[in-house]
Amino acid sequence: MGLIATEHNEAELVHTTLQAIRRGYEVFVTYASESEPETIDLARLLDARIVEPDYPGANPDSLLSTLATTARRNGCPGLIYQFDVSTPIDYGRSERELADRSSYTIEAETSQAREATPEIVVGIPAYNEAESIASVVEGATNYADLVVVVDDGSRDDTAARAREAGATVIEHEYNGGYGSALKSLFQEAARRDAEHLVILDADDQHTPTDVPKLVATQGETDAEIVIGSRFVKGAHTDAPLYRRFGLFVVNALTNFSIGAFMPSERITDTQSGFRAYNARAIKSLANDDDIGDRMHASTDILYHAHQRGYTISETGITVRYDVENASSESPLSHGYSLVNNISTTVQNAHPMLSLGLPGTGSILVAVSVAYWFVTDFLATGSPSFLLATPWTVIGRSFRA
């Protein structure tokens, strides 16, 4: 990253230098004035490399040439420069632009130009994630036009740290739950007319480098929803055995509830929160009041998609379980909530299947047993030993 220091851009230069260094850039700073401005001392304190101009009062072209030469000598693969540091840099777009061009240097793309209509929005629901939120935001920024964090009533510094890392932050006054945060993300992405909304966990379990993978899969398949799966080819996860078993049960129940009986129709990871939504899905989900506020919102979204005939694709992702506080809800509580939600949904959507058939079956069994008992009694004059014994035992106990 190449920057120019002046007497009047101290605050902006410090902010841009910090943001670039946090994202892993080497920062080179030069100046156009005849004498070294005080801002240069601040850049030195931030570990930026100070590049002396070729001559006092050098013009912008000369300064850029000097910065590029210095960057090459230091082994940098390219130079993104910004002379007006008053506008925020869109690092993801800048990197893609540099990769697409044959030029060694490009001017930084700024986020203001794309803020209203971003192509890729990364949404992060967060609750008391102050320890990890900054690194997640910084990683996501490399692959998004806009990063939005919904702070769902956190009691720590989650919101402040997310803002410092460069995210747009939406704050909930109270903790409404995972689904509540998702709804805010759908509504914000719809308001900005985003082409893609990719949901990431705030606890660092997901790898931001997988974001382009989900977006690319969406482009290739034209699917309304792409799920980052832990159980398809290309996936890597260290999920404990008990989680794998629990997910197997929940996946089977969820697929059954939406009528996905054929192997080609089944979703391998129904509870993955790492998902990409296209513009059509974003807008419909933003206006669906049936999406629950809690953790079962992931399942509600699948029902939403099934009812509308949306295409759902999957792609392998990397998920870590060696992070602290990997989930804000215990596996047992989460599992009970999911199974209860699936059961309720199946009863409402398929009453004959879920209640009618079991009820009819129970009646048939009862009638069959009664018929057997009566016919046996009429034929022998005494009740069947197998049927009479329990009642005989009960009667004797009462007489005793």
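The values are calculated or read from the model by the stated rules, or taken from the named source; none is laboratory data. In this text the structure is predicted, and so the values were computed from the model without any measurement. All Cβ positions, even for glycine, are placed from backbone atoms using ideal geometry, and neighbour counts span all protein chains on display. Please note that ligands, DNA and RNA were not included when accessible areas were found on the heavy atoms of the full protein model with its side chains. Shrake-Rupley method; radii C 1.70, N 1.55, O 1.52, S 1.80 Å.
Straight Cα distances below 25 angstrom link residue 233 to the lysines 213, with same-chain residues fewer than 8 positions distant left out. Ordering of 277-289, 192-204, 69-81 by packing is 192-204, 277-289, 69-81, highest average first (other Cβ atoms within 10 Å, averaged per residue). Ranking 58, 30, 75 by Cα position along the charge dipole of the range 23-90, where only Lys, Arg, Asp and Glu carry charges on their C-beta atoms, puts 75 farthest toward the positive end. Extending 7 Å from Cα along the Cβ direction at residue 233 and again at residue 160 yields two label points whose distance is 4.9 nm.
Only lysines eight or more places from residue 183 in sequence, or on another chain, were considered; those with a Cα closer than 20 Å are 283. Rolling a 1.4 Å probe over the protein chains gives residue 15 an accessible area of about 110 Å².
Which peptide among 43-49, 223-229 comes first, and what is the full order, when sorted by highest mean count of other Cβ atoms within 10 Å?
223-229, 43-49
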